[in-house]
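Below is one structure, written out as structure tokens; the observations come after it.
The values are calculated or read from the model by the stated rules, or taken from the named source; none is laboratory data. Remember, predicted model here, so these are calculated numbers, not experimental data. So basically every Cβ, Gly included, is an ideal-geometry build from the backbone, and we count neighbours across all protein chains shown.
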Amino acid sequence: MYQLLKRQYSRYTPRMVSSITGIPEADFIKAAELFTSIRNDGDMKKAATIIYAVGWTQHTFGTQIIRTAAILQLLLGNVGRAGGGVNALRGHSNIQGATDMGGVFDILPGYLKMPNPGDADFATYLKRITPTPSKPSEWDSYNYWSNTPKFAVSYLKAMFGDAAKKENDFAFHYLPKIDRRYSWVEMWDRMYKGEIKGHIAFGMNGVMIGPNSRKNIEALKKADWLVVCEIFPDETSEFWRAPGTSPEEMKEIKTAVYRLPGAGFAEKDGTFVNSARWLQWKYAAVAPPGQARVDQEILARIFLKIRELYAKEGGKFPDAILNASWSYSKPENPSLAEVAKEINGRALSDLTEDSQPGATIKTGQQLPGFAWLKDDGSTACGNWLYSGSWTEAGALMQRRGTDDPSGLGIFPSWGWSWPANRRVMYNRASCDPAGKPWDSERRQVWWNEAAHRWAGNDVPDFKADSPPQSHMGPFIMNPEGIGRIFAPLAAFAEGPFPEHYEPVESPIANPLHPKQSINPVIKLFNTDLDKYGTPEQGFNVVCTTYRLTEHYHYWTKNNPMNVQLVPEPFVEVPVELAREIGVEGGQKVRVSTARAQYVAKAMVTRRIKPMTIDGKTVYQIGVPIHWGYRGIAEDSGKTSLNPVNLLSPTAMDPNAYTPEYKGFLAKIEKA
Amino acid sequence: MATEQTLQIKEISAHRGPVPGSGAVRELEVAKLVDVTTCIGCKACEVACVEWNDHPFRETVFDNTYQTMPTTEWNYYNLIKFSETQRDDGSLMWLMRKDQCMHCADPGCLRACPSDGAIVQYTNGIVDFNQENCIGCQYCISGCPFNIPKFNQTTKKVHKCTLCSDRVGAGLEPACIKACPTGCLHFGTKQDMLQIANARASQLRDDALFPLPNAGVYDPQSIGGTHVIYVLHDITKPEAYGGLPANPRIPPSYVIWKYLAKPIGLFIALMGLLAVFFHYIFTGPRLSQPEPTVEREEQL
């Protein structure tokens, strides 16, 4: 494997890296030497982290970048270490929670895989998604995902209660089986093609988010209905007002739009889950104003109405809706505390557990953790990873303990961290093979020979009684127990080792392999609105989009305080490029891509420098994303009114389906 | 206005032994420390300042910069100044400095002010404007070496950062400090802030990988030091940070006013009084002369 790795990356010489990225060779070598210097002279004490903002993911090769970071950290022994790891600074306060709870089309809560039409029955499904241990010689394997059936059955019990029985495969067939990818970009593509007829936008401003906003606007014109739950009128709920829509055309648009007044973050309680997997409860500061309602009330009322209609009128498949468990004390407005307890899970009959000798749990009690989950229907649990967060001991996610006995920044009684309140995952890797911490001054976990158990300042992420002599691999979620430098077949769309590809629109051909410049497995879209530009067409400036610290997406433009800080849109242009096109700061520029034009004032700066890429001078411009056609500045006629994402291409990463916002081709001229 | 909380126990009933804390010297001077090297220019401090002081939303215009407006305003006390600066080696520094009243130990505004009680300096170092005593002459504006006080055309009063004297008087930190997400703002006693600032500056100077040999603390002695101090990457070029003066001075006219013109004026006035006194002693009172017998009221 190391030989393959060496061969794969021997092509990435400092000169090649410089040619692809524009970073001067000497600077690249300096950075590389700094990062790898922590292991100089075999020193294993230090740890180094990689922290990235999600711009890394917004490429058609985003997963390749993240994978490369992970491989680097595995090679350096920076995984499982306090102060190590690959850490994403996520773009929203609860993205981690949304992902954990299945807010992605291809996973269920707790990262259980979504059923597909090939799963004829529950057993087939479980067989497909439960990995079998694959031990390297002499190595033991925990393969924790072997418990998948317990997690899946408990999830179905939480979803469907008494209707989930052994005889009916625990209501497995009530779950939807996905027949294709329902990712963001593909969803809009299908709406534009007239295949998707309705859209519920719950705090998602799809027109602004893009990519290729024009396609999204046109897609909504073709939909039968649109429901928008928001705290401000936004571009999506008023897509029919998008610039370029004539009054005559507006009259032709048949889409029925329903606007629901939602609640802002300070008007709701519940948890945020951060990138370090901490569940932290927050309380509502004020009640929602006027007719505004909290999210769960809006969703519950829609659900109850749908259930009522199914009960009255039947339908193609009423069972899943009619039998969904909904045992909240206020069905039309469930308290999030009740929901959190349901997600934690409870015992449906008296329980004992071999791994917890002497302990018993009575029927109806909250489960202390996922070790108690059963595959016989005697436990219900909404998300196995969150089991232990709201137990008989109380709401651990609400804790605010500020003690840090180890001094490592673990803070074990602050909130609650999945899994099992463990703060650093794979922390077995913080020890040498004999179970001794690599850094004796910063001890996370260790093997206690006398007690014949793993002990620690953190919760050991390991089979508690597996001695170092049995060589169990620290990566217990992988069936082979070791870190995946070489990814097995089909784990990623591209292949076992990451490779550099150019963006779909690039000023150069990939110097590594000009004939296969872009990611070979991405899907390009082919409607009349999916256009891709080339340097030959005159698009030779690299354009990127981003947020500003002063604004939060598309709603702080409704807040005078934020508007005051940055009042209107702009385009950041390097000094050298501004000189070439004869533009001074404050004058208007027109940015064009193959898809659209965008006009805004120029901010001429020395911060964005010309790059030398593949021997050519390449300019980059940057456009903040915050302005559209609804907001304080917009309503007073102060902005261009065009969403920035009119510019970006319909292209996405083939693994994570994140659109390519961070690099596409444009032209720029004085407007 | 601030109220000093000085509840230090002197005696305790039926208490044996010394009073806890007695003899402790209370450090009275406060200071705000701005570590420019860890500021990200997010402007949370600007918003906190506007909100705490209940200032209205004001319209701004794009001006080829991330800076909210060119200078502080009568109702905008706190402004991050952005500047792109080229270093000697050709590399670029994007500098962000939080600009506000420096609360000078020797305040030019106070020195310049002719109105009794319009400007006060507290023992803790805060320099505060009392608008009810302000006569709108704007001398304070010309007296300030940092271009901070600003005139409100409508009310004809001058305003500036109060270092949240209302909050500090109640034992709280200024609003900007509370809002800072990176911890680049600190608040405490002047002594403590200097200690933190110097430790940070020496850390920057001695960094093994990216040393900043000119890192230092800005606490200009030309005006006796300030109660807002900065850690700068390069103390030799404070002007690069949105025009921070290297050697701030109170305009000479006000120094002359205080040290020359005012004493001389007072001397002349005193001489006048003495002349009157000695005239009285040596010449005696001027005796009343016979007057026409007209009633006083009728004269008026």
For this session: Could you please let me know if B:Leu95 is surrounded by 20 or more Cβ atoms within 10 Å (Cβ to Cβ), modelled with pLDDT of 90 or more and within 11 Å of chain A (Cβ to nearest Cβ)?
Result: no
Exercise. Only one of these conditions is not met by A:Arg293: (1) modelled with pLDDT under 95; (2) under 16 Å from A:Val228 (Cα atoms); (3) basic (Lys, Arg). Which number is it?
Worked result: (1)
Exercise. In the stretch B:185-240, how many residues are outside any loop (DSSP other than H, G, I, E, B) and away from chain A (no Cβ under 14 Å)?
Worked result: 36
Exercise. Here are some conditions: (1) more than 26 Å from B:Ser142 (Cα to Cα); (2) in a helix (DSSP H, G or I); (3) among the hydrophobic types (A, V, I, L, M, F, W, C); (4) more than 18 Å from the chain's Cα centre (by Cα). B:Leu172 meets all but one. Which one does it not meet?
Worked result: (2)
For this session: Return a yes/no flag: does the stretch B:58-71 have any residue that is within 26 Å of B:His233 (Cα to Cα), over 13 Å from the mean Cα position of the chain (by Cα), within 12 Å of chain A (Cβ to nearest Cβ) and among the hydrophobic types (A, V, I, L, M, F, W, C).
Result: yes
For this session: Working carefully through the options A:Thr57, A:Thr68, A:Thr21, A:Thr36, find the one that is within 14 Å of chain B (Cβ to nearest Cβ), in contact (Cβ under 8 Å) with a residue 12 or more places away in the chain and of a type in the set (Val, Ile, Thr).
Result: A:Thr36
Seminar exercise, completed: Checked B:Gly90, B:Gly17 against criteria (within 12 Å of chain A (Cβ to nearest Cβ) and at pLDDT below 95); the one match is B:Gly90
For this session: Take A:Arg90 and decide whether it is exposed (fewer than 14 other Cβ atoms within 10 Å of the Cβ) and farther than 27 Å from A:Arg442 by Cα.
Result: no
Exercise. Hey, does the stretch B:81-88 have a residue that's over 19 Å from the mean Cα position of the chain (by Cα), more than 17 Å from B:Thr226 (Cβ to Cβ) and of a type in the set (Gly, Ala, Ser)?
Worked result: yes
Problem set entry | Members of the stretch B:30-54 that are under 23 Å from B:Gln131 (Cα atoms), within 11 Å of another protein chain (Cβ to nearest Cβ) and surrounded by fewer than 16 Cβ atoms within 10 Å (Cβ to Cβ) | B:Glu51
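For the stretch A:560-582, check the following and say yes or no: at least one residue is among the small types (Gly, Ala, Ser), without any contact (Cβ under 8 Å) to a residue 24 or more places away in the chain, within 22 Å of B:Glu84 (Cα to Cα) and within 11 Å of another protein chain (Cβ to nearest Cβ).
Taking every residue of the stretch A:560-582 in turn, none turns out to be among the small types (Gly, Ala, Ser), without any contact (Cβ under 8 Å) to a residue 24 or more places away in the chain, within 22 Å of B:Glu84 (Cα to Cα) and within 11 Å of another protein chain (Cβ to nearest Cβ).
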For this session: List the number of the failed condition for A:Gly394; all other conditions in (1) at pLDDT 95 or above; (2) over 19 Å from A:Thr271 (Cα atoms) hold.
Result: (2)
For this session: Tell me, please, whether a residue that is buried (at least 22 other Cβ atoms within 10 Å of the Cβ) and free of Cβ contacts under 8 Å to residues at least 60 places away in the same chain can be found in the stretch A:620-632.
Result: no
Exercise. Do we have A:Ile668 as β-branched (Val, Ile, Thr), on the phi < 0 side of the Ramachandran plot and within 14 Å of chain B (Cβ to nearest Cβ) here?
Worked result: no
For this session: Considering each of B:Asp99, B:Asp63 in turn, give the residue that is within 22 Å of A:Ala602 (Cβ to Cβ) and of a type in the set (D, E, K, R).
Result: B:Asp63
Exercise. Any idea which of (1) more than 14 Å from chain B (Cβ to nearest Cβ); (2) at pLDDT 95 or above; (3) in a loop (DSSP other than H, G, I, E, B) is the one A:Val542 doesn't satisfy?
Worked result: (3)
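To keep it simple, each residue is scored yes or no on (1) surrounded by fewer than 16 Cβ atoms within 10 Å (Cβ to Cβ); (2) within 27 Å of B:Thr68 (Cα to Cα); (3) within 9 Å of the chain's Cα centre (by Cα).
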site	(1), (2), (3)
B:Cys101	no, yes, yes
B:Cys104	no, yes, yes
B:Pro114	yes, no, no
B:Ile119	no, no, no
B:Thr123	yes, no, no
B:Asp128	no, yes, yes
B:Asn133	yes, no, no
B:Cys137	no, no, no
B:Ile141	no, yes, no
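Yes/no matrix, rows are residues, columns are (1) closer than 18 Å to A:Pro109 by Cα; (2) out of contact with any Pro (no Cβ under 7 Å at 6 or more places or on another chain); (3) aromatic (Phe, Trp, Tyr):
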residue: A:Glu267; (1), (2), (3): no, no, no
residue: A:Leu279; (1), (2), (3): yes, yes, no
residue: A:Ala284; (1), (2), (3): no, yes, no
residue: A:Ile302; (1), (2), (3): no, yes, no
residue: A:Arg307; (1), (2), (3): no, yes, no
residue: A:Gly314; (1), (2), (3): no, yes, no
residue: A:Asn333; (1), (2), (3): no, yes, no
residue: A:Ala347; (1), (2), (3): no, yes, no
residue: A:Thr352; (1), (2), (3): no, yes, no
Exercise. If you check A:Arg607 against the conditions, is it of a type in the set (Lys, Arg) and buried (at least 22 other Cβ atoms within 10 Å of the Cβ)?
Worked result: no
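Listed here are the residues, each with its yes/no results for (1) of a type in the set (A, V, I, L, M); (2) without any contact (Cβ under 8 Å) to a residue 40 or more places away in the chain; (3) within 29 Å of A:Lys341 (Cβ to Cβ).
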position	(1), (2), (3)
A:Phe122	no, no, yes
A:Pro131	no, no, no
A:Val153	yes, no, yes
A:Met159	yes, no, yes
A:Tyr182	no, no, no
A:Lys193	no, no, no
Exercise. From the set of residues in the stretch B:72-87 that are among the polar types (S, T, N, Q) and crowded, with 19+ Cβ neighbours inside 10 Å, which is farthest from the other protein chains (Cβ to nearest Cβ)?
Worked result: B:Thr72
Problem set entry | Which listed residue, of A:Lys177, A:Lys157, A:Lys113, A:Lys150, is within 17 Å of the chain's Cα centre (by Cα) and either more than 25 Å from A:Val424 (Cβ to Cβ) or surrounded by 17 or more Cβ atoms within 10 Å (Cβ to Cβ) (or both) | A:Lys113
Seminar exercise, completed: Here the qualifying pairs (Cβ atoms under 6 Å; residues six or more apart or on different chains; first in the stretch A:592-606 and within 7 Å of chain B (Cβ to nearest Cβ); second part of a strand (DSSP E or B) and buried (at least 20 other Cβ atoms within 10 Å of the Cβ)) come out as A:Lys601/A:Phe570; A:Met603/A:Phe570; A:Val604/A:Val573
